[in-house]
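Single-structure report; data block below.
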Amino acid sequence: MASPVSTGLRVGGDTVSSTGAGQTLSGRSKRAVNPLMPLVVSILLAGACASPGHIYKLYPGPRRPAEELAIIRFGDSVSSLRIDGMRVEESDYERVELLPGSYVIDSRKTFSVSPLVNPAGQDEIMGMARVDLVAGHEYTVNAERTTGRGYTMRWWIEDMTTRTVIAGKKWD
């Protein structure tokens, strides 16, 4: 009968020995040490240093400098929008780059509300506007609501470069 194969690994002053039946730790502690732990830690650290989200380049040809483009970012509450019918998800893209010009932008935002206010437990706002976007400017598409009885919802597009609302109505 063959004897079990035993290997030893020294970790922080403790010796880990493995016999085919499992791992035991001799020395100060009785916990098992996973030899893949350094690999797992390095993968997690690499993910934390990943580059920002992707850019949706919504124009033909090679990339252009930012001063030649209009940039749209998602506001705090908006996670999906359409630009001239092209759907863009915040989970896929950090921002959208477009040539200056006129575009139809729309989005929907679903808010959770009390079932006493709306039996479905949610309400939705949809905004749509044709806007003229200017090169070198950055825009956000936003949606918010108040709370409590008689709540209201608002949708707007804001030019962050000039700090002006170009569509919809922002809170005063």
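The values are calculated or read from the model by the stated rules, or taken from the named source; none is laboratory data. On a predicted model such as this, the values are computed, not experimentally measured, just so you know. For neighbour counting, all protein chains shown are included, and Cβ atoms are generated from backbone atoms with ideal geometry for every residue, glycine included.
The selection criterion, being among the aliphatic types (A, V, I, L, M), out of contact with any Ser or Thr (no Cβ under 6 Å at 6 or more places or on another chain) and surrounded by fewer than 18 Cβ atoms within 10 Å (Cβ to Cβ), does not hold for Ala70.
Quick grid of which residues meet (1) modelled with pLDDT of 95 or more; (2) over 21 Å from the mean Cα position of the chain (by Cα); (3) in a strand (DSSP E or B):
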{"site": "Asp123", "(1), (2), (3)": "no, yes, yes"}
{"site": "Val131", "(1), (2), (3)": "yes, yes, yes"}
{"site": "Gly148", "(1), (2), (3)": "no, yes, no"}
{"site": "Trp156", "(1), (2), (3)": "no, no, yes"}
{"site": "Lys170", "(1), (2), (3)": "no, yes, no"}
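When residues in segment 85-109 are screened for being at pLDDT below 95 and surrounded by 15 or more Cβ atoms within 10 Å (Cβ to Cβ), 8 of them pass. Against the criterion of being out of contact with any helix residue (DSSP H, G or I) (no Cβ under 7 Å at 6 or more places or on another chain) and either outside the structural domain of Val104 (by TED's automatic domain parsing) or of a type in the set (Gly, Ala, Ser) (or both), Ala143 qualifies.
Taken together, Arg64, Arg82 contain a single residue that is part of a strand (DSSP E or B) and modelled with pLDDT of 65 or more, which is Arg82.
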